[in-house]
């Protein structure tokens, strides 16, 4: 094992991080190679800097005029220069500031400086690589976003254990969640991914439910188990009901217990409506970590990033900074949110009017981009094809018995027509029983 990895592992050895690192997590390190040496040279090379693989002229990166014309408001460095492996320092500091504003109960002493990643999928994937070995179990809601299976099972060889998070009353099934957590705790460690607002259901917990989940993990830690809680907050902030817990559950977990390691994956991808820019963050939180532990784990993440994509998109980070500095951004985000909430309210009204539909039962939803329905006695895939071929309407079928509708992508005026078609098509599908 590389001496740099050994050094990081030594720092982390008496923490939940050190005990839960995967084989890859133990092996990975950030080399004192090109990137580290270039960073030193950028600060100190007064005469010439021949460290980085970029082309300069007149002290600026060579930039094709055609590209510059597309982006007249940016400096050359903001467009094409390599970003630091952990991300632009200003972006990291700004995101931490925003996290604390959006989650006022967060203790800044219990969280790291965020690390920039090329999308939330990458954030989750890097975390999986660092903390999951083949055969280890991670708990998730069932049904779950289909990419979790690719990340946890196919990419790292772990086992996803789906837990039905919702009871018959449409609330979080805390007893069932607690039972699954306790079963894993008896094995010595718990790994769980918490996705709120949930994809595909579109549900976020109220404060009582959020605190009950935190209590489940606290009990596991008190029993002697180490706990990894990945908080997938991709749709954070799209809360449409007053009783929703308005902070990330990361706020409750980051200072919960010395044995609990919380990893928050989020970013402006959904929150700031810039999906294709592929810009996200990883923030680490734990009551049991000091600054040197945070630094060591951030370095592990840097090694993971360096060995995959090298660094995240520079232009996306520059655009994020400019967007945040623009005085019109906050008001425009409010306009967009209001549009989303109007669509949610329209869907809620339609679903309530069809609550006794014999073929389709809605999953609880109160937030996010989606709502989903369970198909009773009919095949979800067949319903999807019927809607696409006969009505020209696209929905997602998953798990054989669910369909997901992204109301975020449908104009409010079109929603009644869309849902009328869904309910009608479901009645016309022959029973699969």
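None of the figures in this text is laboratory data; all of them are computed from the coordinates on show. Just so you know, these numbers come straight off a predicted model, no measurement behind them. Every residue, glycine as well, gets a Cβ built from its backbone with ideal geometry; the counts of neighbours run over all protein chains shown.
Rank 414, 99, 383 by mean-square fluctuation in a GNM of the chain with C-alpha springs under 10 angstrom and give only the top-ranked residue. Comparing 414, 99, 383 in a Gaussian network model of the chain, the most mobile one is 414. The protection proxy used here, the mean number of other Cβ atoms lying within 10 Å of each residue, ranks peptides 194-203, 355-364 as follows, highest first: 194-203, 355-364. Helix 314-325 versus the longest principal axis of the chain: what is the Cα-based angle in degrees, 0 to 90, to the nearest 10? It is inclined by approximately 70 degrees. Just to confirm the number: angle between the C-alpha axis of helix 120-131 and the first principal axis of the chain, 0 to 90 degrees, nearest 10? Tilt of helix 120-131: around 70 degrees. For segment 330-428, would you read off the P(r) tail past 24 Å as a percentage of all alpha carbon pairs? Tail of P(r) above 24 Å: 19 percent of Cα pairs.
Classification of segment 104-254 by its C-alpha gyration tensor yields a rounded form. The axis ratio a/c (a ≥ b ≥ c) stays under 1.5. Rounded, prolate or oblate, given the Cα gyration tensor of segment 238-293, with a/c below 1.5 counting as rounded? In terms of gyration-tensor shape, oblate.
For the chain, the longest principal axis of the Cα atoms and the long axis of helix 34-44 meet at an angle of about 60 degrees. For the chain, a Gaussian network of Cα nodes joined below 10 Å ranks 254, 310, 189 by mean-square fluctuation, and the top entry is 310.
At q = 0.11, 0.12, 0.19, 0.22 Å⁻¹, what is the log10 ratio I(q)/I(0) for segment 221-334, with the Debye formula run over Cα points and no solvent? Each listed q corresponds, in turn, to -0.48, -0.56, -1.16, -1.28. Dividing the convex hull volume of the alpha-carbon atoms in segment 54-110 by its residue count gives 107 Å³ per residue. With a ≥ b ≥ c the root eigenvalues of the C-alpha gyration tensor of the chain, is it rounded (a/c under 1.5), prolate (a/b larger than b/c) or oblate? The shape class here is oblate.
Computed from label points 7 Å out along Cα-Cβ, the spacing between residue 37 and residue 326 is 4.1 nm. Relative protection proxy for 365-373, 13-21, from highest mean packing down: 365-373, 13-21 (other beta-carbon atoms within 10 angstrom).
For segment 330-428, the relative contact order works out to 28 percent when only alpha carbon pairs closer than 8 Å and six or more residues apart are counted.
For the chain, a Gaussian network of Cα nodes joined below 10 Å ranks 211, 278, 186 by mean-square fluctuation, and the top entry is 186. Shape index of segment 323-367: Rg/Rh, with Rg the Cα radius of gyration and Rh the Kirkwood radius from the inverse mean 1/r over Cα pairs, equals 1.25.
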